[in-house]
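Student: Mind having a look at this structure? Questions to follow.
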Amino acid sequence: MIDHTGIGVADVARSAAFYDAALGALGMKRVMQLPEHDGADAVGYGVEFPVFWIDRFHPHGAKQHTAFVAKNRAGVDEFYRAALQAGGTDNGAPGMRPPLRGGGRGYYAAYVLDPDGNNIEATFRGE
C-alpha cells in the first residue's frame, strides 16, 4: 500500500499550474504547500491529505510514470482536456487500453506528459 508519492520538477510554480488543472479534473486539489504561504519548494495534492507531491528537492531528470484514478470515463476525458489546456503534451488520447499481463479486461485511460516530461495517466477500470 502506498501512503504518498512524489516527483521532482524543475519549476514548482509552472508544474503546479499544470497539476492544479489536471488533478483538479479528478477531484484533487492542493492540500499542503512548503513554505506554507507560497509553495515555492513543494506542493502536495490530495482530497484531505497529500498523496502526490511535486517538489524541487528530488531530481527532475528521471522521467516518472504516475497513474491517477478517475471516477468514470468522463473524468478521464476531463483530465486529458484540462492537462493539455494547462500546457501538457499528448501521450495517448482517451480510449480503451488492452488488459495488463495476466488477463482480465481492458481499461479506459489517457496519458499526458507534464512540463518536465513525466508520463501522467488517468485511468478508469469500471464498466
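The values are calculated or read from the model by the stated rules, or taken from the named source; none is laboratory data. The structure displayed is predicted, hence computed values, not measured ones. Please note: Cβ atoms are built from the backbone with ideal geometry, for glycine as well, and neighbour counts cover all protein chains shown.
Student: Can you go through Val69, Val9, Val51 and tell me which one is among the hydrophobic types (A, V, I, L, M, F, W, C), closer than 15 Å to Ala109 by Cβ and touching a Ser or Thr at 6+ places or on another chain (Cβ under 8 Å)?
Tutor: The conditions single out Val69.
Student: On to the next question. For the stretch 108-127, how many residues are of a type in the set (S, T, N, Q) and surrounded by fewer than 20 Cβ atoms within 10 Å (Cβ to Cβ)?
Tutor: 2
Student: Could you pull out the residue among Asp116, Asp90 that is charged (D, E, K, R) and part of a strand (DSSP E or B)?
Tutor: Selected residue: Asp90, the only one of Asp116, Asp90 that is charged (D, E, K, R) and part of a strand (DSSP E or B).
Student: Would you please name the residue that is farthest from the chain's Cα centre (by Cα), looking only at residues in the stretch 1-30 that are of a type in the set (A, V, I, L, M), exposed (fewer than 15 other Cβ atoms within 10 Å of the Cβ) and not in a loop (DSSP other than H, G, I, E, B)?
Tutor: The selected residue is Ala13.
Student: Now a separate question. Restricting to the stretch 60-76, name every residue that is of a type outside the set (Gly, Ala, Ser), within 20 Å of Gly24 (Cβ to Cβ) and in a strand (DSSP E or B).
Tutor: Within the stretch 60-76, Thr66, Phe68, Val69 meet the criteria.
Student: Here is a follow-up. Would you mind stating whether Gln33 is surrounded by 14 or more Cβ atoms within 10 Å (Cβ to Cβ) and either closer than 30 Å to Glu127 by Cβ or modelled with pLDDT under 95 (or both)?
Tutor: Taking the combined requirement at face value, the residue does not satisfy it.
Student: Restricting to the stretch 31-59, and then to whatever is under 30 Å from Arg73 (Cα atoms) and charged (D, E, K, R), can you tell me which residue is farthest from the chain's Cα centre (by Cα)?
Tutor: Glu48
Student: Which residue, of Phe57, Phe79, is outside any strand (DSSP E or B) and in contact with a Leu (Cβ under 7 Å, 6 or more places away or on another chain)?
Tutor: Criteria check complete, one pass: Phe79.
Student: Right, something else. Filter the stretch 44-65 for residues that are at pLDDT 95 or above and within 19 Å of Leu113 (Cβ to Cβ); which is surrounded by the fewest Cβ atoms within 10 Å (Cβ to Cβ)?
Tutor: Within the stretch 44-65, the match that is surrounded by the fewest Cβ atoms within 10 Å (Cβ to Cβ) is Asp55.
Student: Looking only at residues in the stretch 66-85 that are aliphatic (A, V, I, L, M) and surrounded by fewer than 20 Cβ atoms within 10 Å (Cβ to Cβ), which one is nearest to Asp116 (Cα to Cα)?
Tutor: Here the residue is Leu84.
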